[in-house]
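**Q** Shown below is the structure under consideration.
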Amino acid sequence: MKRNPLRKLGALAAVSAVALGSAAAGPYDPAPAPAPGGFTPPPAPMADTGGGIWDSIGAELSVGYDTDYVFRGYDLGHDHVWTALDLSIPLGDQLEASIGAWYTTGFNDGENELDVYASLSFDFGAWGLDVGYTHYSYPNGLLGDGSTNGGETNEAYISAGTTLGPIDVALAYYYDFDLEISYVEGTAGTSIPLNNFASLDPSVGLSWVDVDGGDSGLNHFFARLDLPIALTGSATLTPYVATSVALDVADDAGQNDMFWGGVALSVSF
């Protein structure tokens, strides 16, 4: 699934309110699960354009459930159900465009959230580079009362990744223009084949955040274990478990260490 909720920084509005000393209510961890709180892999190799760009467009529809809506180390809700649609468009041997949308009613335990995003992925052989933009919309307002940014915010990001032996490593930088928040995340992960249709995919990550006029420093450490299972040639079921350890900024915002899990079903066509 191309989408990763680690690309959503809009939900950081609540933690920025804490970091700035505001009395605003709300749970405030960006991301971008898209699958919350997970590993951001390096950009994937470009697809073969074969018979032309339009013949090579790929689409993926995903639905998922998480026991907790965790985004970048922050608990944003419980019993979280989401859906996403992603399109990938090869533009050449070394360039691919992606667009998509991600929707949930699980933000703040029942509020709507719609994320629309686009990115360009560049393949430089051993290295991959990804640049993108995400618009986050919260019809009821970020904190449920319409008091923050009119219920929307915008973020740009850039990430680079490579493979070191069996380990995929990546470093990403996100900046929210409306909230003036910088978020940096380093990740490492690998995939261990179990048989012809399943693998075990562990990953870990460490993040740093800077809130304009507020706190800056290490935000959280996280670890995640995915078990992707190929049900058919186009459908994959992925249960997972994850944990997050609150560090300086998240701890100052009142976040606890967390353990949660979930499952996602993705169908490519």
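No lab work stands behind these numbers, since they all come straight from the coordinates. Note that the structure is a prediction, hence the values are computed from the model and not measured.
**Q** May I ask for the Rg/Rh ratio of the range 170-269, computed from Cα atoms with Rh as the Kirkwood radius, given to two decimals?
**A** 1.08
**Q** Please work out the C-alpha center-to-center distance from the range 102-140 to the range 52-99 and express it in whole Å.
**A** 8 Å
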